[in-house]
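Chemist: Attaching a single structure in structure tokens format; questions to follow.
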Amino acid sequence: MKPLTIALLVILLVLIAAMVVLYFLGKKAQKRKDEQDEQIKAAAQTVSMLIIDKKRLRMKDSGLPANVLEQTPKYLRRSKLPIVKAKVGPRVMTLIADEQIFDEIPVKKEVKATVSGLYITAVRGLRGPIEKPDKKKKGFRAKLQAKYKEANEQLKAEKAADAERKANKKKK
């Protein structure tokens, strides 16, 4: 056999082995996440709170209790979390919001939130529905594409108008 085919077969086998390992690791991680979600649902409470502020902050800058910081793995301490400061009863608390609902949380409004420990899992408006946030900001590429489409349409319209003028001149 040629050395090239041997090298390609070895690479193919390594890739297949990596895919199998990733499949089983993903399956195991999914089971863990499902168990954690069940625990969060079991400990959930509905609380009314006034949202003071919400930001994405690093754990050390967020004002979370020291024992929470100690329990967090070191590789996650530098990641940014969706942090919400809210007044729950007479106390001002720092809570962690679920990534999926962070954008829906209104600032300086009173809401009913489903809280499990320091983790906000759901939010409903206390007085009426919560206003949905506007669409996400357009990125640089999306803005360029929009400008391109607009300029392209304008160019097509100008070409059609020119062709129409030329057709009218030939008729006269």
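Chemist: Can you tell me the 0 to 90 degree angle between the C-alpha axis of helix 140-171 and the longest principal axis of the chain, rounded to 10?
Modeler: 20 degrees
Chemist: In the P(r) worked out for region 1-137, what percent of Cα pairs fall beyond 25 Å? Working shown, then result.
Modeler: Values: 4187 of 9316 pairs.
In whole percent, the share of Cα-Cα pairs in region 1-137 beyond 25 Å is 45.
Chemist: Name the lysines eligible as straight-distance cross-link partners of Lys143: C-alpha to C-alpha under 18 Å, and not fewer than 8 places from it in the same chain.
Modeler: Excluding near neighbours in sequence, the set is Lys135.
Chemist: Among residues other than Glu35 whose Cβ falls under 12 Å from its Cβ, what is the net charge (Lys/Arg +1, Asp/Glu -1)? All intermediate terms of the calculation are to be shown ahead of the outcome.
Modeler: Numbers: positive: Lys28, Lys31, Arg32, Lys33, Lys41; negative: Asp34, Asp37, Glu38.
Around Glu35, the surrounding residues sum to +2.
Chemist: Quick one: which residues, 5+ away or cross-chain, put their amide H under 5 Å from the amide H of Lys54? H built at 1.01 Å from N.
Modeler: Residues meeting the amide H criterion: Lys85.
Chemist: Let me ask something else about it. Can you tell me the order of 37-43, 118-124 when each peptide is scored by its average per-residue count of other Cβ atoms within 10 angstrom, highest first?
Modeler: Details: 37-43: 11.4, 118-124: 17.6.
Averaged packing, sorted descending, gives the order 118-124, 37-43.
Chemist: Along its three principal axes, how long is region 78-146 when you only count alpha carbons? Whole Å, largest extent first please.
Modeler: Each principal axis gives a Cα extent; for region 78-146 these are 49, 36, 17 Å.
Chemist: What residue among Ile52, Ile11, Ile83 has the largest mean-square fluctuation in a Gaussian network model of the chain, using Cα springs under 10 Å?
Modeler: Sorting by GNM fluctuation, first place goes to Ile11.
Chemist: For region 69-113, what size does the Cα cloud have along each of its three principal axes, sorted from largest down, in whole Å?
Modeler: 34, 24, 14
Chemist: Near the amide H of Ser116, under 5 Å away, which other amide H atoms are found, from residues 5 or more places off or on another chain, if H is placed in the peptide plane?
Modeler: Gln45, Thr121
Chemist: Applying the Karplus parametrisation 6.51 cos²θ - 1.76 cosθ + 1.60 with θ = phi - 60° to the phi angles of region 122-127, what ³J(HN,Hα) value in whole Hz is obtained for each residue in order, glycine and proline being reported as x?
Modeler: 8, 9, 10, x, 6, 10
Chemist: Here's a follow-up. Using alpha-carbon positions, what is the distance between the centroids of region 1-64 and region 83-127, in Å?
Modeler: The two parts, judged by their Cα centres, are 25 Å apart.
Chemist: Taking only DSSP H segments of four or more residues, each worth -39500 (n - 2.57), what value at 222 nm results for the chain once the sum is divided by all its residues, to the nearest 500 deg cm²/dmol? If you can, show how the numbers build up before the last one.
Modeler: Numbers: 4 runs with 82 residues, N = 172.
Theoretical 222 nm ellipticity from helices: -16500 deg cm²/dmol.
Chemist: In whole Hz and in residue order, list the ³J(HN,Hα) couplings for region 56-65 that follow from phi through the Karplus curve 6.51 cos²θ - 1.76 cosθ + 1.60, θ = phi - 60°; x for Gly and Pro.
Modeler: The phi angles translate into 9, 10, 6, 4, 5, 8, 7, x, 6, x Hz.
Chemist: Give the lysines whose C-alpha is closer than 27 Å to that of Lys31, dropping any in the same chain fewer than 8 places away, or say none.
Modeler: Hits, sequence-local ones excluded: Lys41, Lys74, Lys80.
Laboratory data are not the source of any read-out in this text; all were calculated from the coordinates shown. It should be emphasised that the depicted structure is a prediction, and the values quoted were computed from it without experimental measurement. Note that each Cβ is placed from the backbone with ideal geometry, even for glycine, and that neighbours are counted across all protein chains shown.
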